[in-house]
Amino acid sequence: MGRKTYLTTYLLSIYLALMVGFRQVSFATSLLYGIVTILLVLVAIVDLRYRKIPNQLNLLLLLFSVLNLIIGKVSLFNHLTGLLLMIALFVFSVLFTHGETGGGDFKLLLALGLFLGYSTIYKVVIIATIFGILVSYIKKILSEDSTIPYGLFISISVIYFLIAR
């Protein structure tokens with residue numbers, strides 16, 4: 001990546017973090033959501049470039065999910081149910097698919113299930129899957145390779161829902 005790309009990425013991350021952060025109630029929640037947004041931009045870029053989501057990014061997102069439970073005024077039931085929903089999705093995927101979705105994607109979804117709760121995470125999964133399928137079909141028509149970086153679509157969907165709140 002060139003110098004302009006890094007600058008553009010940095011500015012985009014800051015802009016999105018501010019958009020998400022200013023929509024929150026308290027300063028601590030604003031800061032937390034802003035940092036999570038920046039981490040999601042990093043996840044999208046790394047997954048797009050390397051087709052892998054580093055465990056360090058997923059662990060940071062999980063840490064911020066736990067912090068959200070502690071400092072945010074959120075429903076513990078909603079957020080734990082979001083985590084359990086993503087565990088069920090993971091088990092279903094392991095049993096009935098052929099490993100098309102990587103482990104990093106599921107770790108990302110687990111952390112985000114805890115962060116967002118079931119009331120939002122299922123929408124994120126649906127939107128990310130629809131866009132992922134569309135891009136995969138287009139890619140298949142244009143070339144032989146139809147693999148996609150699913151973390152990119154998950155990140156974009158989450159950022160959309162954080163801004164739309």
Scan (1) buried (at least 24 other Cβ atoms within 10 Å of the Cβ); (2) under 22 Å from LEU63 (Cβ atoms) for the single condition THR120 breaks and write down its number.
(1)
Of the residues that make up region 102-113, is at least one surrounded by 13 or more Cβ atoms within 10 Å (Cβ to Cβ), on the phi < 0 side of the Ramachandran plot and at pLDDT below 90?
yes
Confirm whether LEU108 is in contact (Cβ under 8 Å) with a residue 24 or more places away in the chain, in a helix (DSSP H, G or I) and touching a Lys or Arg at 6+ places or on another chain (Cβ under 9 Å).
no
Condition set of a type in the set (Gly, Ala, Ser) and assigned to a helix (DSSP H, G or I), scope region 123-143, selection surrounded by the most Cβ atoms within 10 Å (Cβ to Cβ): answer is ALA128
Hey, could you check region 106-165 for residues that are farther than 15 Å from ALA44 by Cα and among the basic types (Lys, Arg) and say which is farthest from the chain's Cα centre (by Cα)?
LYS140
Go over the candidates VAL36, VAL46, VAL41 one by one and state the one that is at negative phi, more than 12 Å from the chain's Cα centre (by Cα) and part of a helix (DSSP H, G or I).
VAL46
Report every pair of residues separated by at least 6 positions or lying on different chains whose Cβ atoms are under 6 Å apart, first residue within region 22-41 and over 18 Å from TYR10 (Cα atoms), second among the hydrophobic types (A, V, I, L, M, F, W, C) and surrounded by fewer than 18 Cβ atoms within 10 Å (Cβ to Cβ).
ALA28/ILE71
So which residues in region 49-63 are surrounded by 20 or more Cβ atoms within 10 Å (Cβ to Cβ) and part of a helix (DSSP H, G or I), if there are any at all?
LEU57, ASN58, LEU61
Hey, VAL91 closer than 20 Å to TYR150 by Cβ, among the β-branched types (Val, Ile, Thr) and at pLDDT 90 or above or not:
no
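When region 6-33 is examined, which residues are found to be crowded, with 18+ Cβ neighbours inside 10 Å, of a type in the set (Val, Ile, Thr) and either on the phi > 0 side of the Ramachandran plot or out of contact with any Phe, Trp or Tyr (no Cβ under 6 Å at 6 or more places or on another chain) (or both)? Quick ask: steps written out before the conclusion?
Going residue by residue through region 6-33, those that are crowded, with 18+ Cβ neighbours inside 10 Å are 13, 16-17, 20-21, 29, 32-33.
Right, trim to of a type in the set (Val, Ile, Thr) and you get 20, 29.
Passing the criteria: only THR29.
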Going residue by residue through region 72-81, is there one that turns out to be in contact with an Asp or Glu (Cβ under 7 Å, 6 or more places away or on another chain), closer than 24 Å to LEU32 by Cα and of a type outside the set (Lys, Arg)?
no
Among residues belonging to region 64-81 that are part of a helix (DSSP H, G or I) and β-branched (Val, Ile, Thr), point out the one that is surrounded by the fewest Cβ atoms within 10 Å (Cβ to Cβ).
ILE70
Counting only residues in region 56-80 that are at pLDDT below 95 and of a type in the set (S, T, N, Q), the one nearest to PHE115 (Cα to Cα) is identified as ASN68
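The values are calculated or read from the model by the stated rules, or taken from the named source; none is laboratory data. Just so you know, these numbers come straight off a predicted model, no measurement behind them. As a convention, Cβ positions derive from the backbone with ideal geometry for all residues, glycine included, and neighbour counts pool all protein chains shown.
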